[in-house]
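Notes follow the structure.
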Amino acid sequence: MREADSVDVTEDITRFYQPELARVIAKQRLSEMMVMLRLQRASGEMLEHQPGQFLQISLPGYGEAPISFCSSPTRTESFELCVAAVGNLSEAMHELRPGDFVGIRGPYGKGFPLEDLRGRDVLCIAGGIGLAPLRSLINYVADRRAEFGRMILVYGARKPSERLFKDDLANWDAREDFETLYTVDEADEGWTGRTGVATVPLRDEVEIDPTRTTASVVGPPVMYRYVAAELLAKGMAEDDILFSLERRFKCGMGKCGHCQLNDLYVCQDGPVFRYTQLIGRSEAIEVWAPEDERQ
Amino acid sequence: MDKPLFQAAEVLDMAIEIERQGLAFYEGCAAARASEVVATVFGYAAGQERRHIELFYEMKSALDEYTVPESYPGETVSYLRAFLSTRLFTSVDDASCSAEAIEDEAEAIEMAVELERSSIAFYSGVKQIVRESEKGVIDDVIAEEHVHIRRLLELKNWLTTRSG
Ligand SMILES: Cc1cc2nc3c(=O)[nH]c(=O)nc-3n(C[C@H](O)[C@H](O)[C@H](O)COP(=O)(O)OP(=O)(O)OC[C@H]3O[C@@H](n4cnc5c(N)ncnc54)[C@H](O)[C@@H]3O)c2cc1C
Ligand code: FES
């Protein structure tokens, strides 16, 4: 445990772990694997969060797990989470219905640095379910459009049926002030768009001014190193590339050391990191661009 | 997420293809109009590419069922393939033809450096997905490709100083 974060022994530390209740107010199936839940605090109060931050979600008997916000903080009356059915808790969350309650702790973690993004061109690169946390950022930019430069979204899904947030994708595509490049790895008969992984349109079609662009990247670990390579090839500075990482969490707030990545705690120092923070940290090797592979 | 079967054989085939292209390029350049010193460095690099081909064939014959974390089967291969499509050459023939068409030694060296750089990038990706026991072999190949780049750059410097 970090010295600075150590807890006063006289303090009742259980209060840190005490969840509050949130009510499910709507549920939408996004794909075979994914549902989106709209929730509201039982207290009715607003939950202030930043795009890229996460909540610790719990259901009695099923455990607790971190889930990112997928709604923008500009849309405040409720918040949305997008959940993939992969295990105990997430499968149980797929069974929730409007009116049901879940436990929440948070928001936790460092999200996308909005202050630094303001005035700059925003390049979002999403792979698979990585679009969920980025949707929060993209809709934030949409709602405060004048505060940002270009908004470019590159999104790669495995198949057309696995594309998330189809309504949002269509809305963003229709906006003149958004540049969208969507691709699927495996096309089906109805798909007329691009095929191939997200790095292909990123490499071939995205032209940026590297001095005014910040890239926010969320996707499967295998994607990161190739995206990093393409962005560096476009002349971007390592400090302007942001990656959101996933690790196994326990406390979610820098107390237990479970999510440690060398000397960083993913739950507290991240999950959004600058590429500069990750180069050379051996436990973040998945994101190093090929040229940065060092022994 | 599932941990589906990884198509390691396919990646090793790509590695073999990369080495074949390198071999064709180095042999083509060494044969065409190169000075003795350039032919020696290119000949040395060609010999190592030949050995890498054998290594990857050995790895392929020792393959058994093996899994790595992917969010869907074939995900890693998709990224590798996309990455590979940016390479200088698309086939062994393409590499030979390019080698024959080159007039200038400096241009040949620059192309060779570019080729080696993209090979290193590809192998760093491959290293992430092979078995622990094979990581060392990939490391050795990467190290040898680094040596090629160093030698090529030394050669380029030498040619520039000589002509300057
Ligand atoms: C910052 C952050 C944000 C996230 N945001 C989202 C989100 O928005 N939506 C979303 O769906 N998911 C998100 N996740 C992932 C989610 O928290 C995990 O998938 C979580 O494990 C789901 O809990 P579960 O009980 O349903 O599954 P688990 O029972 O925990 O199992 C999930 C998967 O992990 C494997 N697993 C279990 N234990 C371990 C272990 N110790 N080490 C390695 N693998 C293990 C299991 O085999 C299974 O494949 C996020 C994770 C992080 C860290
Ligand atoms: S320190 Fe406990 S999960 Fe990060």
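The values are calculated or read from the model by the stated rules, or taken from the named source; none is laboratory data. Just so it is clear, the model here is predicted, and its values are computed rather than measured. Every residue, glycine among them, receives a Cβ derived from its backbone with ideal geometry; neighbour counts consider all protein chains shown.
Assorted remarks:
- Residue within region A:53-75 that is over 16 Å from A:A22 (Cα atoms), assigned by TED's automatic domain parsing to the domain that holds A:R29, within 16 Å of ligand 2 (Cβ to nearest atom) and buried (at least 20 other Cβ atoms within 10 Å of the Cβ) present: yes
- Restricting attention to region A:227-252, the residues that are more than 14 Å from A:R274 (Cα to Cα), more than 16 Å from ligand 2 (Cβ to nearest atom) and either touching a Pro at 6+ places or on another chain (Cβ under 8 Å) or among the polar types (S, T, N, Q) (or both) total 3.
- Residue within region A:113-123 that is within 17 Å of the chain's Cα centre (by Cα), within 16 Å of ligand 2 (Cβ to nearest atom) and surrounded by 17 or more Cβ atoms within 10 Å (Cβ to Cβ) present: no
- Among residues of region A:87-107 that are within 16 Å of A:A42 (Cα to Cα), those with a Cβ under 6 angstrom from a residue that is near ligand 1 (Cβ under 9 Å from one of its atoms) and assigned to a loop (DSSP other than H, G, I, E, B), sequence gap 6+ or separate chain, pair up as A:P107/A:Q53.
- Flag if A:A85 is touching a His at 6+ places or on another chain (Cβ under 8 Å) and either within 14 Å of another protein chain (Cβ to nearest Cβ) or of a type in the set (S, T, N, Q) (or both): yes
- Residue in region A:171-224 that is nearest to the other protein chains (Cβ to nearest Cβ), counting only those that are in a loop (DSSP other than H, G, I, E, B) and small (G, A, S): A:G196
- Residues that are modelled with pLDDT of 75 or more, facing chain A (nearest Cβ under 8 Å) and under 30 Å from B:A32 (Cβ atoms) within region B:74-100 comprise B:F83, B:S85, listed in sequence order.
- Of all residues in region A:226-252, those satisfying the criterion of being part of a loop (DSSP other than H, G, I, E, B) and either within 12 Å of ligand 1 (Cβ to nearest atom) or modelled with pLDDT under 90 (or both) are A:L245, A:E246, A:R247, A:R248, A:F249, A:K250, A:C251, A:G252.
- Within this structure, B:S71 fails the test of being buried (at least 19 other Cβ atoms within 10 Å of the Cβ), at pLDDT 85 or above and within 14 Å of another protein chain (Cβ to nearest Cβ).
- Residue selected from region B:105-131 under the condition among the polar types (S, T, N, Q) and in contact with a helix residue (DSSP H, G or I) (Cβ under 7 Å, 6 or more places away or on another chain), by the criterion modelled with the lowest pLDDT: B:S124
- Residue ID - farthest from ligand 1 (Cβ to nearest atom), chosen from residues in region A:87-145 that are among the basic types (K, R) and assigned to a strand (DSSP E or B): A:R105
- Yes/no for A:E80 being touching a Ser or Thr at 6+ places or on another chain (Cβ under 7 Å) and within 16 Å of ligand 2 (Cβ to nearest atom): no
- Among residues of region A:256-270, those that are away from ligand 1 (no atom under 13 Å from the Cβ) and among the small types (G, A, S), counted: 1
- Qualifying positions in region A:253-268 - part of a strand (DSSP E or B) and more than 8 Å from ligand 2 (Cβ to nearest atom): A:L261, A:L264
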